[in-house]
Amino acid sequence: MQHQRLENPATPQDAEYKMYYELGIQRMERTLKKFVIDEEQIKELKSKNFNGKILIISEAWCGMQLTVPALAKFFEGHNEVKSS
C-alpha cells in the first residue's frame, strides 16, 4: 500500500506527502533489517495467553509507521495482526 501511494497518489495531499512516504519506507526497511525478536519477550507474550487480534492504525507519513513491520513480525505466528 505504501508503494502504491508513491506511484499513484490518490489525492493532492498524497502527492504533497511523497517525500514523507519515501522516508517512511526507508525507515521501515531499516527497522526490519535490524529488528531481532527477543525470546524472553516471546515467552512473556505466551504466558499472557492473549488470543485477541491486533489492529495497528497509522499513516504512512507518521514516524510511528516505521515500527509497524517489526510489530507484525513480533506477533507473527502468535496473534493475527492487521495494519491500516
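The values are calculated or read from the model by the stated rules, or taken from the named source; none is laboratory data. Predicted model, so just to flag it, every value in this text is computed and none were measured. As a convention, Cβ positions derive from the backbone with ideal geometry for all residues, glycine included, and neighbour counts pool all protein chains shown. For accessibility, only protein heavy atoms count, side chains too; no ligands or nucleic acids. Shrake-Rupley method; radii C 1.70, N 1.55, O 1.52, S 1.80 Å.
For this structure, a couple of remarks:
- For segment 24-44, a residue qualifies if it is in contact with a Phe, Trp or Tyr (Cβ under 8 Å, 6 or more places away or on another chain) and at pLDDT below 85, and exactly one does: G24.
- Those helices (runs of 4 or more DSSP H) of segment 5-62 in which at least 3 residues are farther than 20 Å from G77 by Cβ and in contact with a helix residue (DSSP H, G or I) (Cβ under 7 Å, 6 or more places away or on another chain), considering only elements entirely within it, cover 18-34.
- Counted residues, segment 63-81 - those being more than 25 Å from E16 (Cα to Cα) and in contact with a helix residue (DSSP H, G or I) (Cβ under 9 Å, 6 or more places away or on another chain): 7
- All positions within segment 42-84 that are among the aliphatic types (A, V, I, L, M) and free of Cβ contacts under 8 Å to residues at least 24 places away in the same chain: M64, L71, A72
- Residues of segment 23-62 that turn out to be among the acidic types (D, E) and open to solvent by 100 Å² or more (accessible area, probe 1.4 Å), as a count: 3
- Boolean, K18 is within 22 Å of N8 (Cβ to Cβ), without any contact (Cβ under 8 Å) to a residue 40 or more places away in the chain and open to solvent by 60 Å² or more (accessible area, probe 1.4 Å): yes
- Selection within segment 63-80: residues that are surrounded by 13 or more Cβ atoms within 10 Å (Cβ to Cβ) and not in a helix (DSSP H, G or I). The member of this set that is farthest from the chain's Cα centre (by Cα) is H78.
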